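Some notes on the structure that comes next.
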Amino acid sequence: MAWWDRRSSPARIELYTRWMFGALVLSEVLLGVEALLEAAPHGPVAALSALIVLHALTMGVACARVLDWVLERRAYPRRLLAFVNAVTVGVVVVLAVMRGSGGLVPSQATLVLLAIVPCFGIMPLTMQSRSGRRMLLLIGVVSLLTGAVVMLASWSVLEGVVCAGVVLAGCIGTAFTCRFSTWMLTAVWKLDEARATQARLAVTEERLRFARDLHDVLGRNLSVIAMKSELAGRLGRRGSVDPALRQMDEVQQIARESQHEVREVVRGYRQADLPGELDGACGVLKSAGVDCAYVKEGSGPLPREVQVALGWVVREGATNVLRHAEATRCDITLSVADDGGRATLTMVNDGVRPAGADVPGSRFRSGTGLAGLRERLALQAGTLDAGPGPDGTFRLVADVPLAGR
């Protein structure tokens, strides 16, 4: 089921929610037709069944449109909801009149038939309700009106009260189901959006920090270079060659110092510290809802260059878990040989995707991120292994000799 695996968790929940509404449409049709066959054995079953099907289909379309409106994808379907309400009222009135005139046999099936139409018809309205009191008021009004219509059509107070009670119970059940499903789907999409926004803000903050560092390093030096170059030009035009040359020598020296300082900034910006990366990765993963655990095996020391290389592995691995996986847990294990042999870093998460899944924006298929890691580890004679595990996990294993090349 690659088409299912390619979807994100919010998209899967949305698809499940829409399937649920489709199942409710089908259940109304099946329950309605079954009740008609029992309540109207000699009546116009085909015509009444067509009314039930029409009501179910319009209700299903209205639920889909309201769901799109709740997710801010389309305008509010005012006309469609008015049409659904009109169809609901019309079907209830027709059934009640037929019950009162003897067209429907007085039975439990007739009661079910009169109850399911308003119970399902109220679904699109309860999906959009943001107030519990308003929703309960709506349910109460619908129940009372249905009971009143049945009572007036059949001249039986008992039947009206019983029908109102059945409609009340059914409407509460369908309303709770629809409202809870809509709320859960909205919350999941908002959480996914907040997670993406958090990632973008983190990147923006890092860019601002880097820009600030570059400004602090280059701002003063460039100002001095501009001033001394202007001074050298004026001295040269006046014929003071030696002072002008001294100024240009100073400009050259400042330019070389600036070049060195920029390299230091870039080196510091790109440097990855293993303890810091481990703490940062666990913190970021936990804030994104991924349970992260770190275990160190062995007490051997790690050379500085090995820590830097493994720090990059942790950074890239955590980034891939956040961007390209649907993980709920990530285990990080660092094994250091006590005899000074090798260090092995293993990252295992349960958000593996199938090999054929096309993840938009993913770097896993092109391998640029993993290729960069392999290049860094190769400088330390290390290796990198990445791929799905046999138990439905994704494993990233980096192995580096402690003695270097």
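The values are calculated or read from the model by the stated rules, or taken from the named source; none is laboratory data. Small disclaimer: the values here were computed from a predicted structure and weren't measured. Cβ coordinates were reconstructed from backbone atoms using ideal geometry, including for glycine residues, and neighbour counts include every protein chain displayed.
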| request: Please work out which one of (1) over 44 Å from the mean Cα position of the chain (by Cα); (2) under 25 Å from Val45 (Cα atoms); (3) at pLDDT below 85 is the condition Ala148 fails and give its number. | output: (3)
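Yes or no, residue by residue, for (1) at pLDDT 90 or above; (2) surrounded by fewer than 16 Cβ atoms within 10 Å (Cβ to Cβ):
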residue	(1), (2)
Glu297	no, yes
Leu302	no, no
Thr383	yes, yes
Asp391	no, yes
Arg395	yes, no
Arg405	no, yes
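To keep it simple, each residue is scored yes or no on (1) in contact with a Phe, Trp or Tyr (Cβ under 9 Å, 6 or more places away or on another chain); (2) small (Gly, Ala, Ser); (3) in the same structural domain as Val70 (by TED's automatic domain parsing).
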{"position": "Met123", "(1), (2), (3)": "yes, no, yes"}
{"position": "Ile139", "(1), (2), (3)": "no, no, yes"}
{"position": "Leu145", "(1), (2), (3)": "no, no, yes"}
{"position": "Cys163", "(1), (2), (3)": "no, no, yes"}
{"position": "Val166", "(1), (2), (3)": "no, no, yes"}
{"position": "Ala169", "(1), (2), (3)": "no, yes, yes"}
{"position": "Ser181", "(1), (2), (3)": "yes, yes, yes"}
{"position": "Ala187", "(1), (2), (3)": "no, yes, yes"}
| Pick from Val400, Val313: which is more than 24 Å from Arg195 (Cα to Cα), modelled with pLDDT of 85 or more and surrounded by 16 or more Cβ atoms within 10 Å (Cβ to Cβ)? | Val400
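Quick one: which of Leu31, Leu37 is farther than 16 Å from Trp189 by Cβ and crowded, with 16+ Cβ neighbours inside 10 Å?
Details: Leu37 fails: crowded, with 16+ Cβ neighbours inside 10 Å.
Selected residue: Leu31, the only one of Leu31, Leu37 that is farther than 16 Å from Trp189 by Cβ and crowded, with 16+ Cβ neighbours inside 10 Å.
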| Across the range 328-381, what is the total count of residues that are β-branched (Val, Ile, Thr), touching a helix residue (DSSP H, G or I) at 6+ places or on another chain (Cβ under 6 Å) and at pLDDT 75 or above? | 0
| query | Of the residues Ala199, Ala175, Ala153, which single one is farther than 23 Å from Met127 by Cβ, part of a helix (DSSP H, G or I), out of contact with any strand residue (DSSP E or B) (no Cβ under 6 Å at 6 or more places or on another chain) and assigned by TED's automatic domain parsing to the domain that holds Gln108? | reply | Ala153
| task | Go through the range 68-79 and count every residue that is in contact (Cβ under 8 Å) with a residue 24 or more places away in the chain and in a helix (DSSP H, G or I). | result | 2
| When you look at Leu71, is it of a type in the set (A, V, I, L, M, F, W, C) and surrounded by 14 or more Cβ atoms within 10 Å (Cβ to Cβ), yes or no? | yes
| request: Please specify each residue of the range 221-241 satisfying the condition of being charged (D, E, K, R) and closer than 15 Å to Glu257 by Cβ. | output: Lys228
| query | Filter the range 99-119 for residues that are free of Cβ contacts under 8 Å to residues at least 60 places away in the same chain and within 19 Å of Val29 (Cα to Cα); which is surrounded by the fewest Cβ atoms within 10 Å (Cβ to Cβ)? | reply | Gln108
| For the range 279-315, which residues satisfy the criterion of being in contact with a Lys or Arg (Cβ under 9 Å, 6 or more places away or on another chain) and under 17 Å from Asp399 (Cα atoms)? | Val308, Ala309, Trp312, Val313
| message | Being at pLDDT 85 or above, surrounded by fewer than 18 Cβ atoms within 10 Å (Cβ to Cβ) and more than 19 Å from Val93 (Cα to Cα) is the requirement here; does Leu136 meet it? | response | yes
